[in-house]
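Take a look at the structure set out below.
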Amino acid sequence: MYRLVDQMCRAAASAPTNIAEGSRKTSQKERARYYETSLCSLEELHYQYVLALDLSYITQEQFAKIEPHIRRTSFLIHKLHASCFS
């Protein structure tokens, strides 16, 4: 359980860190790469919540509370990523 929590903390910190770092890049291609990495970290976090649910570390209610936030954040990062190509 402690390893999973550690991985979740790392993924949760990685997503906004990559957005911040990417936002300072001057090339759109480089910025898009950081936003894509952010999306990957967020997907990793989502899976870790699924795993925590499967292992009964969290309840279905706890999962249902966090999942919409992860999905909304993913949607917004997708939009940010797409803006690099418009």
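Scanning region 13-42 for residues that are surrounded by fewer than 14 Cβ atoms within 10 Å (Cβ to Cβ), under 14 Å from L80 (Cβ atoms) and touching a residue at least 12 places away in the same chain (Cβ under 8 Å) yields a single hit, Q28. The set of residues in region 60-86 that are farther than 18 Å from C9 by Cα and in contact with a helix residue (DSSP H, G or I) (Cβ under 8 Å, 6 or more places away or on another chain) comprises Q60, I77, H78, L80, H81, C84, F85. Each residue in region 43-84 was checked for being assigned to a helix (DSSP H, G or I), of a type in the set (G, A, S) and free of Cβ contacts under 8 Å to residues at least 24 places away in the same chain, and 3 of them qualify. Scanning region 13-36 for residues that are among the hydroxyl-bearing types (S, T, Y), farther than 17 Å from F75 by Cβ and assigned to a helix (DSSP H, G or I) yields S14, T17, S23, Y34. Looking across region 1-12 at every residue that is assigned to a helix (DSSP H, G or I) and hydrophobic (A, V, I, L, M, F, W, C), the one that is surrounded by the most Cβ atoms within 10 Å (Cβ to Cβ) is identified as A11.
Only the coordinates and a few stated rules stand behind these numbers; no lab work does. Fair warning: this is a prediction, and the values are worked out from it, not measured in the lab. Please note: Cβ atoms are built from the backbone with ideal geometry, for glycine as well, and neighbour counts cover all protein chains shown.
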